[in-house]
């Protein structure tokens, strides 16, 4: 359009110059008449130039926007591929985990990796809701004082925990903001934090939801950029933990099938399966194994005198004492009725031994207080029979052999007056 205007202007001016030479009088009148048209043509030329410039600028802007959109689309596609790969790998790892504890450790490791930045590792632990109390307690974690965490309880009324439970979404905070809230989380921001952890300036809390209920919370202290990334990718993170929650739910239900409902110790079926694994392990490692069978003294009299509900209370309390008195690697199971079995892999029980676990169990029950019917203090005791499997001399002994030996010693302990430990020769 601009070129056409220029050509027409050139032709018009040439025509006027020629006409001026041929007929000067008429040419003046013609020039006067032509001025508005020439002015309009010049203005049209200027306007066409502006429009062309705007068009070029708009084209550049559109091109830049198009490139940004393409970059964003490619980034989203890359993120989707990365998320899909992470979900796939996470699913495989969840499927390979053999217990609830392994699954929980896997979740911690995954979030440690997700929140790692250039300056190093984050801190991470999992809180689990206690059955019947709605409070939360520590179950597993990394880069924290675990002994301190195990002793702490986190109330569901804690300001931050309450927000997570209510929203069922990821909660993030800067550490400076946490001090303004009514929360126990402030405890972890005390001034004497080690220098390598003081750099962690943000908190992220991710809910673990099972059957539409927050039963656990993943707590992560990390860098601010990592917390922002978790929040930015919230839908993916929640999808990740929902996959974990499904696997945990399955593990919990499997675990319930292995646990005695009254005492919460392993049941007889699980004991038989686990014993086979422990015996094979002891054979490979060439280490001993001690097998204890425990019976509550005069338990029938307790039921007859105080009733079965009080008898159930005694069973539950003794189960707790046994479980709290052994190592994490040991096995406590309810064998049937008022009988319990404790398995001590890698430990050799000896008569008069300074570190006898059997004697510790007996003494802990004897020293415990049992209150019947709300106000009557009753002393409860147990008798214990012990059989020891030495390796390699006794590698052929199975669970039934150990059970027979320990049961025979239990009979001797009861015959000798109860509240004592007897050891197989």
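In table form, for the structure just shown:
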{"read-out": "Proxy reagent accessibility, fewest Cβ within 10 Å first, across 369, 412", "value": "369, 412"}
{"read-out": "Computed label-point distance, nm, for sites residue 339 and residue 102 using a 7 Å Cα→Cβ extension", "value": "3.1 nm"}
{"read-out": "Quarter of Cα convex hull surface for region 268-423, i.e. mean projection, nm²", "value": "9.1 nm²"}
{"read-out": "Pairwise FRET efficiency - residue 43 versus residue 212, Cβ, R0 = 60 Å, nearest 0.05", "value": "0.25"}
{"read-out": "Extension reserve of the residue 169-residue 228 stretch, reckoned as 0.36 nm per residue once the Cα distance is removed", "value": "19.9 nm"}
{"read-out": "Label-point separation, residue 298 to residue 145 (7 Å along Cα→Cβ), nm", "value": "4.5 nm"}
{"read-out": "Förster radius 35 Å - calculated FRET efficiency between residue 156 and residue 327, Cβ distance, rounded to 0.05", "value": "0.65"}
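The numbers here are math on the coordinates, done by the rules we state, and not lab data. Everything numeric here is computed off the predicted structure, so don't read it as measured data. Ideal geometry is used to build each Cβ from the backbone, glycine not excepted, and the neighbour counts take in all protein chains shown.
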